[in-house]
Amino acid sequence: MPPRAIRSVAVLASVLALSGCSAAGGAPAVPIFGSFFPAWIICAVGGIILAVIIRALLIALRIDEHLPAPPLVYLCLAISCGIGFWMIWSGAA
Amino acid sequence: MRAVLGKIIGYAVFTGTAVMIYLAWSAGLANPRSDVAEIEAPVIQISPTVPGRVVSINVSNNDTVKSGDVLFQIDPEPYKLRLEQAQAELRATQSELAQGERNIATEQTNADVAQKQIERAKFNADLAKQTLDRLEPLLDRGFVTAQQVDQARTAYNDALVSLDQALQQSQGASTVIGTLDTRQAQVDTAMATVALAQRDLDNTTIRAPFDGIVTGLTMPAGQYVVTGQTVFTMIDTSHWEAVAFFRETELPNIAIGDEVEVFVMANAKFPVSGTVSAIGWGVRSADAATILGLPIVSNSLNWVKVAKRFPVYVELHEPPTGLMRVGASAVVVIKGTSAEAGNGGDTH
């Protein structure tokens, strides 16, 4: 479990770094199979995936059981990670 | 140790999320964006000014043309013939005018002759008067006969009648001298007709009114077209703009002159820069539709209403020609914040 999680983190970090390359910010819509998806949907999905990975990490480190209101923490984590991706994407950060 | 770390992480995540939400909200407010946007350009319908058969089309569909390039040619022959006809009519009226000038010269000469006749009649009358004056005193003394005096008086009266006649003739001859007004007007009319015919002939060659792209040309040469009939469409490539629809609640954050990034979805990697040139002042509302003089009122009521959208016009700076197509999808992000624009407006 931990090696897979680490690998996922590495992949996500590289994606993050790549998207951070364009300083001016990427397009707020992404063409996928002939349809334009808003960037925030992709960022939200990325945020959820990152939150899941962090959860796996926290469980592995046995911090998970000490969190105050874990569902709320992971929800907030997903939201803030999504917003973080979005800000990097749009060049605001 | 782990319990403390767990608590710290948990509350840090709560605080961080609140901060992130605030940052995202303010970023969204400062940079309104719309993915309901299209690339637009001024478009005109090319149509001939004069009717006729299209004898040749010098451009093909989707060609790029320069202002003044020949687009197509209407059969010029009828217009050439009409021009020749008008020119012949002009020559005829000019000849009429010259004839009129000669007539007036003749009439002037006649009037001069009549004027001279008056002088002669005056001399004759004077002579007859002198003769009568000389003879009358001699009649009492018997040097002349009454017959001779009567003859002299008659000659005098005759001379007076001749003088009257000469006066009347002179007056008539002066009156009869015409003017060239009518003939000059005819020449002017003929000249205007020639100019119109020349203009029609020139208009048989249809030229590009601006630099642009020919589109919607499906017609081969040979079709008969009438005035104002669309032959094809031309896109003015010098004024590309993006038209984005923004919610009315976002409009206060958009000011004319704001910097804009336009992502053309055909190649969204490189944004095109632009400035807001105008914000639409009106859209047609479906709620305000009227048919046959009465408004159509919907029976269903919506508790939640959706904000209306208004067009925001963005003038593009140096748009890449390869991406500019009328109707292409685009995403528009307003860069210049309304706060800056507003403050700038206040300080100035």
Would you please name the residue that is surrounded by the fewest Cβ atoms within 10 Å (Cβ to Cβ), looking only at residues in the range A:24-41 that are more than 8 Å from chain B (Cβ to nearest Cβ) and touching a helix residue (DSSP H, G or I) at 6+ places or on another chain (Cβ under 8 Å)? A:Trp40
Where a residue in the range B:196-213 is farther than 15 Å from B:Glu84 by Cβ and its partner, wherever it lies, is of a type in the set (D, E, K, R) and not in a strand (DSSP E or B), with Cβ under 8 Å and at least six apart: B:Arg207/B:Asp69; B:Ala208/B:Lys66; B:Ala208/B:Asp69; B:Asp211/B:Lys66; B:Ile213/B:Asp63
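Of B:Leu71, B:Leu90, B:Leu83, B:Leu29, which residue is more than 10 Å from every other protein chain (Cβ to nearest Cβ), closer than 23 Å to A:Cys81 by Cβ and touching a residue at least 12 places away in the same chain (Cβ under 8 Å)?
On the way: B:Leu71 fails: closer than 23 Å to A:Cys81 by Cβ; B:Leu90 fails: closer than 23 Å to A:Cys81 by Cβ; B:Leu83 fails: closer than 23 Å to A:Cys81 by Cβ.
Checking each option against the conditions leaves just B:Leu29.
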Somewhere in the range B:164-172, is a residue of a type in the set (Gly, Ala, Ser) and closer than 24 Å to B:Asp75 by Cα? no
Is it the case that some residue within the range B:255-263 is within 14 Å of chain A (Cβ to nearest Cβ), at pLDDT 85 or above and farther than 17 Å from B:Arg33 by Cβ? no
Out of everything in the range B:313-348 that is surrounded by 15 or more Cβ atoms within 10 Å (Cβ to Cβ) and of a type in the set (S, T, N, Q), what residue ends up being modelled with the lowest pLDDT? B:Ser338
Taking the residues in the range B:118-166 that are at pLDDT 90 or above and of a type in the set (Ser, Thr, Tyr) as candidates, determine which candidate is farthest from the chain's Cα centre (by Cα). B:Thr131
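Condition test on B:Arg247, is it among the basic types (Lys, Arg) and surrounded by 20 or more Cβ atoms within 10 Å (Cβ to Cβ)? Lay out the reasoning, then the answer.
Values: among the basic types (Lys, Arg): yes; surrounded by 20 or more Cβ atoms within 10 Å (Cβ to Cβ): no.
Answer is no for this residue.
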Could you grab me the full set of residues in the range B:66-93 that are crowded, with 16+ Cβ neighbours inside 10 Å, out of contact with any helix residue (DSSP H, G or I) (no Cβ under 7 Å at 6 or more places or on another chain) and in a helix (DSSP H, G or I)? B:Pro78
Could you list all residues from the range A:63-79 that are surrounded by fewer than 19 Cβ atoms within 10 Å (Cβ to Cβ), in a helix (DSSP H, G or I) and at the interface with chain B (Cβ under 7 Å from one of its Cβ atoms)? A:His66
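Has the range B:51-65 got at least one residue that is farther than 26 Å from B:Ala328 by Cα and either within 14 Å of chain A (Cβ to nearest Cβ) or not in a strand (DSSP E or B) (or both)?
Within the range B:51-65, the subset farther than 26 Å from B:Ala328 by Cα is B:51-58.
Subset that is either within 14 Å of chain A (Cβ to nearest Cβ) or not in a strand (DSSP E or B) (or both): B:51, B:58.
Yes, the range B:51-65 contains a residue that is farther than 26 Å from B:Ala328 by Cα and either within 14 Å of chain A (Cβ to nearest Cβ) or not in a strand (DSSP E or B) (or both).
Hey, can you tell me all the residues within the range A:80-93 that are at pLDDT below 85 and surrounded by 20 or more Cβ atoms within 10 Å (Cβ to Cβ)? Can you show your working first?
Taking the range A:80-93 first, the residues at pLDDT below 85 are A:90-93.
Correct list: A:Ser90 only.
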Find the residue count for the range A:44-79, including only residues that are of a type in the set (A, V, I, L, M, F, W, C), within 14 Å of the chain's Cα centre (by Cα) and within 20 Å of B:Val19 (Cβ to Cβ). 10
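The values are calculated or read from the model by the stated rules, or taken from the named source; none is laboratory data. Quantities reported herein were computed from a predicted structural model and do not represent experimental measurements. For neighbour counting, all protein chains shown are included, and Cβ atoms are generated from backbone atoms with ideal geometry for every residue, glycine included.
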